[in-house]
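Only one structure is covered here, and it is reproduced in the block below.
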Amino acid sequence: MSRIIFVNRYYDPDSSATSQLLTDLARHLAARGDARIHVVCSRFCYRRLDQRLPARARLAGVKVHRVGGTRLARFNLLGRAVDDLVFLAAAGWRLLALTRPGDTIVAKTDPPWLGLLAALVAGSRRARLVHWLQDIYPELASVLGSRLVGFLSPPLAWLRDLAWRRADRVVVIGGAMRWRVAAAGVAHGRIHQIENWCDGQTIRPVPASRNPLRRAWQLEDRFVVGYSGNFGRAHELAPILALIRAIRLEEPIRLLFIGGGPLLDELQHALSEPERALVQFRPYQPRAELACSLSLPDLHLISLRPELEGVVVPSKLYGVMAAGRPALFIGDPEGEVARTLTRHDCGLAVGSQDHANLIAAVRRLAGEPDTCRRLGAAARHAFERHYDRPRAMAAFEAALLPELAQASEADQAAA
């Protein structure tokens, strides 16, 4: 029986986005029974670095191999870089010991250079290699102004492109990302576009009248504009701050931020006392509560810096759609998220600098509840057809299980 070895910094019970996606896929493949599933990951959790997990575990049929790391990532960028190197060294050693000829290594992108390490191990062990890209480095680091990458960007990009070209598969999570990978010289037949997903059974629309969080957080009779998840350097602070400062206390509009991130900290420090009356900040919610937390807002904000199109894909969109809520995207009005909202008629998009249209769109939707309900229903319908978990699992089966991949390629050739 074939073996698939995933490698990523985080895995269950960690609750970060990359961990949840990997946990879903690894458990699905283990339950299918066509391959033995292994995961190499860290002994730490993203938001609970004080917790040290066991080095070995068997979770839902998946063999988990946890390796050492540091707690320096919580302090600064230099600490994060040191933690990356320590994890890469430990994960590389474990991966080298674990991998056999004919195995499939699936490398995600946390930490960023994990794919280069996996390529070296796969080559030395005559294993298949699959890159599963969640973002693209060093471009992301360059846009965010990282001086740790700096002049090393060209040689690092060259090495990364070489690793992509030598892989059996490169899985991308969006069309613009697919274009970037193809531009690096990867054959189109080796690129698989599989968008990230949500579990449509767990995350379902919860009507406002039956949502306990609306009552608990005292948001009844309000038009709630929400932001859920990480609010980091890839996102936009200025337009959201402009929106808050334009809203008057007597208006029914309130803003709700659920999650964390460096820009969320900046936002809280930037608000005056009167502005704080318009905004609530809540921590990340447990996965079991996501149906209520994602259904609470009448409208969700999603943002991405325009220069990061194709480098990052804001996957929070799929949770919003699963909850049956419309989205208002702040970024490139011609970008991937904007096109998705337009194609499925489930939201709006405004430019990063277009603060006036952002404010006007929020006020208009606050006064048109029927429009919000129509957009939300369209979002759920599109989610069920295109972004629910079973669709993604079937696509990964074809990409990762050799016999299924060969059958899929034969079908395509016959067509």
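Each residue in the stretch 183-202 was checked for being surrounded by fewer than 16 Cβ atoms within 10 Å (Cβ to Cβ) and not in a loop (DSSP other than H, G, I, E, B), and 4 pass.
There is no residue in the stretch 106-117 that is of a type in the set (D, E, K, R), part of a helix (DSSP H, G or I) and buried (at least 22 other Cβ atoms within 10 Å of the Cβ). Output yes when any residue across the stretch 376-394 is closer than 25 Å to Ile244 by Cα and crowded, with 17+ Cβ neighbours inside 10 Å, and no when none is. Yes, that holds for at least one residue. Taking the stretch 118-143 as the range and being in a loop (DSSP other than H, G, I, E, B) and buried (at least 17 other Cβ atoms within 10 Å of the Cβ) as the test, the residues that pass are Ala127, Leu133, Gln134, Ile136, Tyr137, Pro138.
For the stretch 115-154, give me the residue count where each residue is of a type in the set (A, V, I, L, M) and under 27 Å from Pro306 (Cβ atoms).
First, the residues of the stretch 115-154 that are of a type in the set (A, V, I, L, M): 116-122, 127, 129-130, 133, 136, 140-141, 143-144, 148-149, 152.
Filter again for under 27 Å from Pro306 (Cβ atoms), leaving 133, 136, 140-141, 143-144, 148-149, 152.
Adding up the residues that qualify gives 9.
Close contacts from the stretch 29-55, counting a first residue that is farther than 18 Å from Leu95 by Cα and free of Cβ contacts under 8 Å to residues at least 12 places away in the same chain and a second that is basic (Lys, Arg) and part of a loop (DSSP other than H, G, I, E, B), with Cβ to Cβ under 7 Å and a gap of 6+ residues or different chains, come to Arg52/Arg43.
Of all residues in the stretch 1-33, those being at pLDDT below 90 and under 23 Å from Val121 (Cα atoms) number 2. Do the conditions hold for Trp113, that is, is it of a type in the set (Phe, Trp, Tyr) and out of contact with any helix residue (DSSP H, G or I) (no Cβ under 7 Å at 6 or more places or on another chain)? Answer is no for this residue. For the stretch 157-182, enumerate the residues that are in contact with a strand residue (DSSP E or B) (Cβ under 6 Å, 6 or more places away or on another chain), of a type in the set (Lys, Arg) and outside any helix (DSSP H, G or I). Residue satisfying the conditions is Arg169 alone. Starting from residues that are within 20 Å of Ile4 (Cα to Cα) and of a type in the set (Asp, Glu), keep the ones in the stretch 370-406 and report whichever is modelled with the highest pLDDT. Only one residue tops the list, namely Glu397.
Residues in the stretch 1-38 that are hydroxyl-bearing (Ser, Thr, Tyr) and buried (at least 20 other Cβ atoms within 10 Å of the Cβ): Tyr10, Tyr11, Thr18, Ser19, Thr23. Within the stretch 386-415, residues that are over 23 Å from Ala323 (Cα atoms) have Cβ atoms under 6 Å from residues that are among the aliphatic types (A, V, I, L, M) and modelled with pLDDT under 90 in these pairs: Glu397/Leu404; Ala398/Leu404; Ala398/Ala405, counting only partners at least 6 apart in sequence or on another chain. Screening the stretch 296-384 for helices (runs of 4 or more DSSP H) wholly inside it with 3 or more residues that are under 19 Å from Phe257 (Cβ atoms) and of a type in the set (A, V, I, L, M, F, W, C) returns the ranges 355-366. You will find that of Arg126, Arg160, the residue that is within 27 Å of Pro314 (Cβ to Cβ), more than 20 Å from the chain's Cα centre (by Cα), among the basic types (Lys, Arg) and in the same structural domain as Arg94 (by TED's automatic domain parsing) is Arg160 and no other.
Every residue, every condition in (1) over 24 Å from Ser315 (Cβ atoms); (2) out of contact with any helix residue (DSSP H, G or I) (no Cβ under 8 Å at 6 or more places or on another chain); (3) not polar (S, T, N, Q), yes or no:
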| residue | (1), (2), (3) |
| --- | --- |
| Gly229 | no, no, yes |
| Ile244 | yes, no, yes |
| Leu249 | yes, no, yes |
| Gly260 | no, yes, yes |
| Gln280 | no, yes, no |
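The values are calculated or read from the model by the stated rules, or taken from the named source; none is laboratory data. Predicted model, so just to flag it, every value in this text is computed and none were measured. Using ideal geometry, Cβ is built from the backbone for each residue, glycine included, and neighbour counts are taken over all protein chains shown.
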